[in-house]
Structure formats: C-alpha cells, structure tokens
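Remarks on the structure that follows.
Each value in this text was obtained by applying a stated rule to the coordinates, not by laboratory testing. Please read all numbers here as calculations on a predicted model, not as lab measurements. Note that each Cβ is placed from the backbone with ideal geometry, even for glycine, and that neighbours are counted across all protein chains shown.
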Amino acid sequence: MSDKIPIVININNKDVTLNIESRLLLVDLLRNNLELKGTHIGCDTSQCGSCMVMIDGKCIKSCSILAVQCNKKSIKTIESIGKENNLSNVQKAFNENHGLQCGFCTPGFIMTALECKKNNISTEEEVREFLDGNFCRCTGYQNIVKSIISFLKMS
Amino acid sequence: MYKFKYHKPTSLEESINLFKEKEFPKYLSGGMTLIPSMKQLLSSPTDLIDIQDIKELKGIYESENKIIIGALTTHNEVAHSSIIKKNIKGLSYLASKIADNAVRNSGTIGGSICNADPAADYPAALLSLNATINTNIREILAKDFFIDMFETKLEGSEIVTSVTFPIKKKSFYLKFSSQASKYAIVGMFGSFDGDRVSVSITGAANKAFNLEEINDQSPNQLKVYDFDKLEFNEISFNSDIHASAEYRSSLIKNMLPDLINNIF
C-alpha cells in the first residue's frame, strides 16, 4: 500500500494534482516538485519569512505547513506576482527605492507587502510592526519600509 | 521530517475515534508550534489528525454577557473581530500582538491554550477574565486548566471545542517580549468587572498566574499603589537566556502602573 496522499492544489491559478508523502513541507513541494524556486528557504525554523507564500489570500510561512494541509487550497507564490519585463507595482516600488541588496529575502517581503495593502496599513510604524516575521540581513530595513510605503500609496 | 500518518476527519466524532485508535496521535490545528516542533523532533506523533475542517470548532458568538470563541479561531480572526473588539477590547489587542502576522493567520486559540507554552499570551487573558474552556466532554475553568509547563487538564482524546469569556468592557494587555520570537518575557492581562481588577501574568513562571496580592484593591487604590512592595510569595520565577528571575519580577513591578492606567 502506498503511503502517498492524493491532493489537488491551485498554484498560481493552475490546478495541480499530486501524490505526496504526508511529511512533505509546502516549501519543498514548491521548490523540488514544482520547480518554483522563487520561494526561498532561509532559516527553516519559522523565523525569517523568506518562504512566505499566500494561501487563500493570507501570508503563511511555507516551511511551517505540510503540503497535505493545503489540499483544495489556492496558493500564490512570487512567480505569480510579476514578470521580468512586466513588474507589478510592488516590485516596481522595491526596484525604484532600492528595497533589496542580495535579494534573498525579497520574495517574502513582497508577499508581506501585498498583505499590508489588503489590511489597509498606511503609516511607517504600522508597516514596521507588520514586518515582524520577515528578516533581512543586508538592508537594515530602511529602504524596504520606504519601498512598501511607496507601494501602499499607489492606487 | 520523519514519517508519520496524516488523517483529515470531517466530524468531531470521527476525530476522537481516530485519536483513540492510534498509537501516539496528536490533533493538528494551525500547526504553528506543532509542525516546527516535529521538524526538530521535539515532538514525534505517529499520527496527525488534522481538524481544520471541523465546523463545530469554528465561529465567534455573543450570548448572555458572554463571548464564545471556537477553538479553531485564528489569532488574526480574534484580533479583527468586531464582537470581541466591542466587548473585550484587551483580548483582541492581545491577539494582535501574538508572534507575527503569518503566525496569526494560521495559529488558533485552541491550539495555543492546549500547547500551554508558559510564555504564550492567551493564558494571561483566560485567567484574568475567568474564562471557561469547553471540551467535547466537560467545561474546565481556566484556573484549573493550566497545570504546568506544556501540561493541561486535558486527557487522552479530549478536544477543546471553544472558550467562553465573560464580557468585560475594561481590559488591557501589556507585553515585554523577546524581540526574536515575540513570546512574552513578561505579559500581563488586566480586566475590571465593575467591582474588582484582576491581573494575570504570563511568561514569568512555569505557567500563567493570577496576581492575588492586589485582588482586594479598588481601581483608585491601584492607581497610586506602591507595586515595589509586592512580594510574589509562592511564585517561582523563570530564569533563562532571555531574563533572570530578578529581572522578571522587576519587570512586573515596573509594568503594572502602565497596565492599570491603560485599563481605565
């Protein structure tokens, strides 16, 4: 008898049917099974937020959830946010405000920035508090906060 | 991650029956503590029973001066609920300060209290507000529910279904947290029922406790109370890499005036 469990997940607007082991983490499913390498593994202990994705419209750290828990759910990863020659507003804001240096943590910050907008966050203080859970080891956060505030001001 | 079996029951009864059948099962709700613990082998259940789809465990209701919060309600749902904001403002504020946004999107009130982390936020509110924890078989008062570090009154397959809070219009939560984890080094929840002020502390000892020394003080007395004279008899403070026992008791004394001012 196979220990694998059948699941159907909508990933970046595409239904995907898979047979997976119960112990497979969502982040490993995305990176290894689906080759979506934009979601990064930073700390692998739920601290850093580099693996942030949206599940049914809400940010979740994909290293802290089993892929089987996402059965019948809708997942958005950084790959769905914009394209190299057609950046989304949030990516433009990071680009224009120098909101990244090495870029490793950026996919996670982008996902959090999108939820900031959904939650009608506007002030710098609110943005900084909302960024708890996303670590950046390069920028000192100044330009990340600047980028997100600039994104939030866009219509 | 090690191998385990995953189950997705659709009813409370099915969940409990599954639990009884398995060798070393655990219920999985938000998984914000359980999954990271399993990755590090701090917990190694043979079977995970995922209860996220059990409807009986969801929802926030108001009934006869009480608020009932389903066990699967996430921290962000508590933080944003207009019913809770209107009736127990301190509780929604507490929920908004748990961990980070991603954890609050997934972590649940039931999961948090069953885990009984001594530094978790909810236990302080449950004690101060004199909440009742409802399970599939009984009702347990918060003061009886938390036994020790990571230990509760729950037995075997017993499952928390909801928590009932008496409405208290005046309440506040104040936390001095670890900057890395946002867990409380000292967290204090204060509430006023029109007669008495009840203050409960989390993060400071093996479990949350009620500050009984000041239970007989009126609000006006507390506003000018000399908290330096608190003795904390029978309280054994935690001492760890975050803070010494002396530091924790000093934090409590220094945070209390701010808490009292914010309740009223």
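Mean partner shielding of peptide A:52-61, defined as the number of other chain Cβ atoms within 10 Å of each residue Cβ, is 4.
Footprinting exposure proxy ranking of B:THR161, B:THR202, fewest other C-beta atoms within 10 angstrom first, gives B:THR161, B:THR202. Computed over chain B with a Gaussian network model linking Cα atoms closer than 10 Å, the most mobile of B:ALA180, B:ALA116, B:ALA208 is B:ALA180. Of B:SER44, B:SER81, A:SER155, the sequence from fewest to most neighbouring Cβ atoms within 10 angstrom is A:SER155, B:SER44, B:SER81.
The mean number of partner chain beta-carbon atoms within 10 angstrom of a residue's beta-carbon across peptide B:94-104 is 6.
The modelled label-to-label distance between B:SER37 and A:VAL16, using points 7 Å beyond Cα along the C-beta direction, is 3.0 nm. Reducing segment B:217-242 and segment A:85-126 to their Cα centroids gives an inter-centroid distance of 43 Å. Approximating the spin labels as points 7 Å out from Cα along Cα→Cβ, the B:GLU213-to-A:SER122 distance works out to 4.5 nm. About its Cα centre, the dipole of segment A:89-153 is roughly 220 debye, where the only charges are +1 on Lys and Arg Cβ and -1 on Asp and Glu Cβ. Charge dipole (Cα centre; +1 on Lys/Arg Cβ, -1 on Asp/Glu Cβ; no other charges) of chain A amounts to roughly 240 debye. So what's the gap between the Cα centers of segment B:22-63 and segment B:126-198, to the nearest angstrom? Segment B:22-63 and segment B:126-198 have Cα centres spaced 19 Å from each other. Just checking the listed ones, B:ASN105, B:ASN65, B:ASN76: in the Gaussian network model of chain B with Cα springs under 10 Å, the one fluctuating most is B:ASN65.
Under a Cβ-Cβ cut-off of 11 Å, what is the net charge of the residues other than B:ASN115 that fall near it, where Lys and Arg count +1 and Asp and Glu count -1?
After counting each charged neighbour, the total is -1.
The Rg/Rh ratio of segment A:5-77, with both radii computed over alpha carbons and Rh defined as the Kirkwood radius, is 0.92. Classified by the C-alpha gyration tensor, the protein assembly as shown has an oblate form. Its axis ratio a/c, with a ≥ b ≥ c, is 1.5 or above, and a/b does not exceed b/c. Which of the three applies to segment B:55-189, rounded, prolate or oblate, going by the alpha-carbon gyration tensor with a ≥ b ≥ c and a/c under 1.5 meaning rounded? Rounded, because the longest to shortest axis ratio a/c is under 1.5. Using a Gaussian network model of chain B in which every pair of alpha carbons under 10 angstrom is joined by a spring, one finds that among B:ASN130, B:ASN115, B:ASN220 the greatest mean-square fluctuation is at B:ASN220. In a reduced charge model with +1 at each Lys and Arg Cβ and -1 at each Asp and Glu Cβ, segment B:171-263 shows a dipole moment near 380 debye about its Cα centre. Selection among A:SER122, B:LEU57, B:THR132 by position relative to the dipole of the protein assembly as shown gives A:SER122 as farthest towards the positive end (Cβ unit charges, Cα centre).
Taking every residue in A:112-119 and counting other chain Cβ atoms within 10 Å of its Cβ, the average works out to 1. Please work out whether chain B counts as rounded, prolate or oblate from its C-alpha gyration tensor, where a ≥ b ≥ c are the square roots of the eigenvalues and a/c under 1.5 means rounded, while otherwise a/b larger than b/c means prolate and anything else oblate? Prolate, because a/c is 1.5 or more and a/b exceeds b/c.
Per-residue ellipticity at 222 nm computed for the protein assembly as shown from its helices equals -8000 deg cm²/dmol, with DSSP H segments shorter than 4 residues left out and the rest contributing -39,500 (n - 2.57).
Beta bridges assigned by DSSP with both partners in the protein assembly as shown are antiparallel in approximately 85 percent of cases.
Each of A:ILE65, A:SER88, A:HIS98 was scored by the projection of its Cα onto the charge dipole of chain A, and the greatest displacement toward the positive side belongs to A:SER88; charges sit on the C-beta of Lys, Arg, Asp and Glu. Considering only DSSP beta bridges where both residues belong to segment B:3-158, give the percentage that are antiparallel (nearest 5). Counting DSSP beta bridges with both partners in segment B:3-158, the antiparallel share is about 60 percent.
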